[in-house]
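Just below is one structure, and these are the notes that go with it.
The values are calculated or read from the model by the stated rules, or taken from the named source; none is laboratory data. None of these values were measured; they are calculated from a predicted model. Ideal geometry is used to build each Cβ from the backbone, glycine not excepted, and the neighbour counts take in all protein chains shown.
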Amino acid sequence: MKKTILITGGAGFIGSSLAEKLASDKNARIIIIDNLLTGSLNKVPTSEYDNVTFIKGDVNKLPELAHAFTEYKPNHVFHFAAVVGVKRTLENPLMVLNDLEGIRNVLQLSKKSGVERVLYSSSSEVYGEATSEEQHEERTPLNSRLPYAVVKNACEAFLRAYHREFNLNYTIFRFFNTYGPKQSKDFVISRFIASALKGEDITIYGDGGQSRTFCYIDDSIEACVNEFKKGKFINDVINIGNDKETKITELAELILRLTGSVSKIVHFPPLPEGDMKRRRPDITRMRTLFERELTPLEEGIQKILENPKFIL
């Protein structure tokens, strides 16, 4: 019997990559709903797979989402729709808070229609500024007060509440700086590459000493799909990321070297908020989902440069 999987935000970078991976199973029917605020139709794999259906709709509006549930009756839901991008979320806090309607709608409809599990895209932003060397799913406090992080934290609470009240199963993915082809220029690696290829200045906010860990999209998606299939962390949380730290200045220098660019690195004043000094996940749980090593940063950037889907 075919299983039907609904992906909200499936025209975005991670959501569309997830849809493509899941669609390779011909016994799966993939339904994507996205309002195209930050997503793009050219990322949706409808031309490559005949088992993918796209619906333009806003999950924050109950009637638009309800149509997808009544028409296609999903067995599983990946709720990946959200307002994303540090600059966008800082400038549009009310838009971010509206995403609370989305999680309520998803859970209400999932409960009523007998969905087996809701798999949710949370974020490393919930941890806020690092208080320990590694961010662990249970031991690290969630201490950010930025609207985006508060909403993600509240959505996690909704998932737990619906499980407790209605026995609706969930899994929470906390993503740490995923990158790869098709990513929009709102994010640091794609922005740096685009600037380098055009010979424009690479701009860094602050001194560039802040560090991040970067996880190639294939690694993130493989972990999510394996969790979906294996169900090792039902009603639990998983960090999805890499644990190799890179300073932002080091990232810029690596991209300049790989592209052979003559771009200059220029520094702007630090962002007033939202640019944490350090972030590194404990990925012990994620590593149980596959045995291979994660993609090194240099190799991942080379894959972007070689991929024709990367558009300036």
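Looking at Ala223, is it modelled with pLDDT of 95 or more, buried (at least 17 other Cβ atoms within 10 Å of the Cβ) and not hydroxyl-bearing (Ser, Thr, Tyr)?
For Ala223, the condition - modelled with pLDDT of 95 or more, buried (at least 17 other Cβ atoms within 10 Å of the Cβ) and not hydroxyl-bearing (Ser, Thr, Tyr) - is met.
Here is a yes/no grid of residues against (1) out of contact with any Asp or Glu (no Cβ under 9 Å at 6 or more places or on another chain); (2) modelled with pLDDT of 80 or more:
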{"position": "Val266", "(1), (2)": "no, yes"}
{"position": "Pro272", "(1), (2)": "yes, no"}
{"position": "Asp275", "(1), (2)": "yes, no"}
{"position": "Asp282", "(1), (2)": "no, yes"}
{"position": "Ile304", "(1), (2)": "yes, yes"}
{"position": "Leu312", "(1), (2)": "yes, no"}
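For the subset of segment 161-191 comprising residues that are in contact (Cβ under 8 Å) with a residue 40 or more places away in the chain and more than 17 Å from the chain's Cα centre (by Cα), which member is farthest from Glu91 (Cα to Cα)?
This residue is Phe166.
Please verify whether segment 146-168 includes one or more residues that are assigned to a helix (DSSP H, G or I), out of contact with any Asp or Glu (no Cβ under 7 Å at 6 or more places or on another chain), of a type in the set (Ser, Thr, Tyr) and buried (at least 16 other Cβ atoms within 10 Å of the Cβ).
So far as segment 146-168 goes, yes, one or more of its residues are assigned to a helix (DSSP H, G or I), out of contact with any Asp or Glu (no Cβ under 7 Å at 6 or more places or on another chain), of a type in the set (Ser, Thr, Tyr) and buried (at least 16 other Cβ atoms within 10 Å of the Cβ).
Within segment 43-57, identify whether any single residue is without any contact (Cβ under 8 Å) to a residue 24 or more places away in the chain, outside any helix (DSSP H, G or I), assigned by TED's automatic domain parsing to the domain that holds Ser122 and of a type in the set (D, E, K, R), and answer yes or no.
Scanning segment 43-57, I find at least one residue that is without any contact (Cβ under 8 Å) to a residue 24 or more places away in the chain, outside any helix (DSSP H, G or I), assigned by TED's automatic domain parsing to the domain that holds Ser122 and of a type in the set (D, E, K, R), so the answer is yes.
Just checking, does segment 75-94 include any residue being charged (D, E, K, R) and touching a residue at least 60 places away in the same chain (Cβ under 8 Å)?
Yes, there is a match, as at least one residue in segment 75-94 is charged (D, E, K, R) and touching a residue at least 60 places away in the same chain (Cβ under 8 Å).
What are the pairs with Cβ atoms under 7 angstrom where one residue, in segment 219-242, is farther than 17 Å from Asp282 by Cα and the other, located anywhere, is small (Gly, Ala, Ser)? Sequence gap at least six, or different chains.
Note: pairs meeting the criteria are Ile221/Ser17.
Can you spot a residue in segment 12-35 that is under 22 Å from Asp219 (Cα atoms), in a loop (DSSP other than H, G, I, E, B), in contact with a helix residue (DSSP H, G or I) (Cβ under 6 Å, 6 or more places away or on another chain) and without any contact (Cβ under 8 Å) to a residue 60 or more places away in the chain?
Within segment 12-35, not a single residue is under 22 Å from Asp219 (Cα atoms), in a loop (DSSP other than H, G, I, E, B), in contact with a helix residue (DSSP H, G or I) (Cβ under 6 Å, 6 or more places away or on another chain) and without any contact (Cβ under 8 Å) to a residue 60 or more places away in the chain.
Here's a check for you: in segment 226-268, which residue that is in contact with a helix residue (DSSP H, G or I) (Cβ under 8 Å, 6 or more places away or on another chain) and of a type in the set (Ser, Thr, Tyr) is surrounded by the fewest Cβ atoms within 10 Å (Cβ to Cβ)?
Thr246
In segment 136-145, which residues are crowded, with 19+ Cβ neighbours inside 10 Å and out of contact with any helix residue (DSSP H, G or I) (no Cβ under 7 Å at 6 or more places or on another chain)?
Listed by number, the list is empty, since nothing qualifies.
Scan segment 92-135 residue by residue and report those that are surrounded by fewer than 17 Cβ atoms within 10 Å (Cβ to Cβ) and within 24 Å of Thr38 (Cα to Cα).
Selection gives Asn92, Pro93, Leu94, Met95, Leu97, Asn98, Leu100, Glu101, Arg104.
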